[in-house]
Amino acid sequence: KFPVAVAEREDDPARFAEMVTPERNIVPRLGVLALDIDERIASMLGELRVPQGVLVAAISLDTPSSEHMLEAGDVIVSFNGVPMRTLAELRAAVGRLPTRAAAVLQVQRLGQLMFVAFEIE
C-alpha cells in the first residue's frame, strides 16, 4: 500500500459549495446557491473577463437535473441585459419577472463569456 496525497484542484468549482447556506445564498427561481464576488472570491476565481458578477457556488438540490442551465463555477455577469454586481441585485431582478417570462443570463464559464436563455418558473 502506498499513501496518496489528495490535492484540491485550484479550479474545482465545488470548493465554493462549503461557503454557502440555503438560507443566505439561494436564488430559488434560478435553482442556484450564489455568492457575491468579493476580493477573496475574486482571488480564488482568477481572471474575470468582466470585473463583476455573482458566482454560482452550487446548484440547489431541489432543481431537477434536466433544468440545470447554470453550473457551479459560473459567474453571472448580467441578467436580461442589466449588469449584476451583487446577490441582492440578482435576487431582485429575478423576483421582478412574472412566471414564464424569458430570461437571458450572460455568464462567464471556464474563461468564456456566453449567454444562457430560459423561461423563469
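For the peptides 32-41, 102-111, the ranking by packing is 32-41, 102-111, with the highest mean count of neighbouring Cβ atoms within 10 Å listed first.
Packing, taken as the mean count of other beta carbons within 10 Å per residue, orders the peptides 19-28, 49-58, 77-86 from highest to lowest as 49-58, 77-86, 19-28. The simple Förster model, with R0 at 30 Å and r as the Cβ-Cβ distance, assigns Arg49 and Ala17 a FRET efficiency of 0.85.
Using a 1.4 Å probe on the protein chains only, how many percent of the accessible area of region 71-121 belongs to carbon and sulfur? That share works out to 59 percent.
The values are calculated or read from the model by the stated rules, or taken from the named source; none is laboratory data. Everything quoted here is computed from the prediction, not taken from an experiment. Don't worry about glycine lacking a Cβ; one is built from the backbone with ideal geometry, like all the others, and counts go over all protein chains shown. Each accessible area value is taken on the protein alone, full model and side chains, heavy atoms only, with ligands, DNA and RNA left out. Shrake-Rupley method; radii C 1.70, N 1.55, O 1.52, S 1.80 Å.
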